[in-house]
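Please treat every number below as a calculation from the coordinates, not as lab data. Worth saying up front: this structure is predicted, and the values here are computed from it rather than measured. Because the Cβ atoms are built from the backbone with ideal geometry, glycine has one as well, and the counts that use them run over all protein chains shown.
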Amino acid sequence: MKIARNPENIHPPVAPYVHQIEVTGPHRWLTLSGQIGMMADGTIPEDAAVQLNVALENIKKNLESANMEVQDLTKIVFYLVGEMDASQRQQIINNFFGGHLPCTTLIYVVALATPALKVEIDAWACKKL
């Protein structure tokens, strides 16, 4: 069972996420390598918002290949290079999650593996057996 909580003794979430998810019982876990904004043909869009969409779609494709869904995500870490409009970023993320609230972290970094990359996302998912 996955139990999402926002403890009353700390501040409420500052965006759509939960502070913690406890997993009990028999489950299978999926840990993804950092997913980047690279298209299937190897191209990397210049726009960071497009890269964010592509990276999220890459996560969804990984989940599908493991017979999981977005609702199985328990933790997401966003690594972003440079500025991205916060409302645009939040809209993209909200559209992807469709109301699902995993634990999330967003970090601005100086650079990723190659200068063309502006987005990388780590993800963990859990599904009941």
Checklist outcome for this item: Restricting to lysines and to Cα separations under 19 Å from Lys127, and discarding same-chain partners fewer than 8 apart, the set is Lys2, Lys60, Lys61, Lys75
Checklist entry - Hey, in the GNM for the chain with a 10 angstrom Cα cutoff, which one of Glu57, Glu69, Glu22 fluctuates hardest? => result Glu22
Checklist outcome for this item: Once the dipole of the stretch 26-102 is set up from charges on Cβ (+1 Lys and Arg, -1 Asp and Glu), the residue from the list Val70, Asn53, Ile92 lying farthest towards its positive end is Val70
Checklist entry - To the nearest 20 debye, what charge dipole does the stretch 2-128 have about its Cα centre, counting +1 at the Cβ of each Lys and Arg and -1 at the Cβ of each Asp and Glu? => result 500
Checklist entry - If we count every other residue with Cβ under 13 angstrom of Leu80's Cβ, Lys/Arg +1 and Asp/Glu -1, where does the sum land? => result -3
Item to check | Using a Förster distance of 22 Å, the FRET efficiency for Met1-Gln91 (Cβ separation, nearest 0.05) | outcome: 0.10
Checklist outcome for this item: Taking only the Cα positions of the stretch 2-128, the convex hull volume per residue in Å³ is 107
Item to check | Share antiparallel - DSSP beta bridges, the stretch 2-128, percent rounded to 5 | outcome: 75
